[in-house]
Amino acid sequence: MTQISYSRRGSGSPIVLVHGLGSRWQVFTPILDRLAEEHEVIAVDLPGFGDSPARDSVRPGPRGYADWLTTWLSDNDIRHPHVVGSSMGGGIAIELGRSGVASAVTAFSPVGFYGTVGRRWTQGLLTSMRGAARVAGPALDRAVDHRIGRFALLSTMFGKPDRVTPEAARTDLAGLAGATAFTAARDDFANYTLNPGDDFGALREIPVTIAWGTRDVVLIHRTQSARARAVLPFARHVDLPGCGHLPFSDEPDGCARLVLENVRQM
């Protein structure tokens, strides 16, 4: 069986962390230990990302990965977890809530609330960043050693790039460059849009928090957060002032607190 890369630590009720397009489980490092003080925390590399090889049987994208993760969680005896997702992982978390797998959902800047223009912007921006990471890898590795370099290279993803360590920046860029399922997952965004009136099933019956960095330029905060409020009026919606698309190093205490508060609503 193909080995899936993941981190599992702590004890208590389970929290599962799911990364976004071109990312890997280490994106959650700033909040892992805080969550693990009270819970068992499982952060997983999706097939085709991080250190998990792609699988022919898995269709990359929010719904395909949600189907795969449903089976993987059961196989690893992880029952009714609180699922926390970032970007594409937020869409996966919503799908696991919809199907009744998740006991709670916290989604940071989830996909699915864009129109055609917004989706194409996101796809194009991430594709350009991936191309740069693949072509100029060694040069970027050196650039992130310096604060100015991190601002120049990471400001698209982070609201406060100076809080990202050089090691974390290199890991993020390597993950983006090496993601073998990137193209298929990116293209699947065209098949994933959430709309008012959709059947959200069990998602309506569990605690749901949607959090959005006000400086998110990947999934634009102003328009997509507003659409999320219209599509999911039963959820708790939170703005993260000054945070970017990946807010975990921008405001680790605030992000961890949001997750833990959502658990306590269960």
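The values are calculated or read from the model by the stated rules, or taken from the named source; none is laboratory data. From a predicted model like this one, the values you see are computed outputs, not experimental measurements. Glycine gets a Cβ as well: all are built from the backbone with ideal geometry, and neighbour counts include every protein chain shown. When the accessible area is computed, the model is the full protein with side chains, heavy atoms only, and any ligands, DNA or RNA have been set aside. Shrake-Rupley method; radii C 1.70, N 1.55, O 1.52, S 1.80 Å.
So, of the residues in the range 246-266 that are assigned to a loop (DSSP other than H, G, I, E, B) and either farther than 18 Å from His19 by Cβ or open to solvent by 60 Å² or more (accessible area, probe 1.4 Å) (or both), which turns out to be modelled with the highest pLDDT?
Glu251
For the range 236-245, enumerate the residues that are part of a loop (DSSP other than H, G, I, E, B) and either in contact with a helix residue (DSSP H, G or I) (Cβ under 6 Å, 6 or more places away or on another chain) or without any contact (Cβ under 8 Å) to a residue 60 or more places away in the chain (or both).
Scanning the range 236-245 gives a single hit, Pro241.
Could you list, in sequence order, the residues of the range 125-155 that are closer than 21 Å to Asp216 by Cα and crowded, with 18+ Cβ neighbours inside 10 Å?
Scanning the range 125-155 gives Leu126, Met129, Arg130, Ala133, Val144, Gly149, Arg150, Leu153, Leu154.
I'm trying to understand the selection: among the residues of the range 32-85, which are of a type outside the set (Val, Ile, Thr), assigned to a loop (DSSP other than H, G, I, E, B) and open to solvent by less than 20 Å² (accessible area, probe 1.4 Å)?
Correct list: His39, Asp45, Leu46, Pro47, Gly48, Gly61, Pro81.
Among the residues in the range 6-21, are any under 15 Å from the mean Cα position of the chain (by Cα) and surrounded by fewer than 22 Cβ atoms within 10 Å (Cβ to Cβ)?
Yes.
Being open to solvent by 20 Å² or more (accessible area, probe 1.4 Å) and part of a loop (DSSP other than H, G, I, E, B) narrows it down to one residue among Arg215, Arg204; which is it?
The match here is Arg215.
I'm told Thr122 meets every condition in (1) open to solvent by 20 Å² or more (accessible area, probe 1.4 Å); (2) of a type in the set (Val, Ile, Thr); (3) at pLDDT 90 or above except one. Can you identify the failing condition by its number?
(1)
Condition first: of a type in the set (Gly, Ala, Ser), surrounded by fewer than 20 Cβ atoms within 10 Å (Cβ to Cβ) and over 22 Å from Gly100 (Cβ atoms). Now tell me which residues in the range 185-201 satisfy that.
Listed by number, the list holds a single entry, Ala190.
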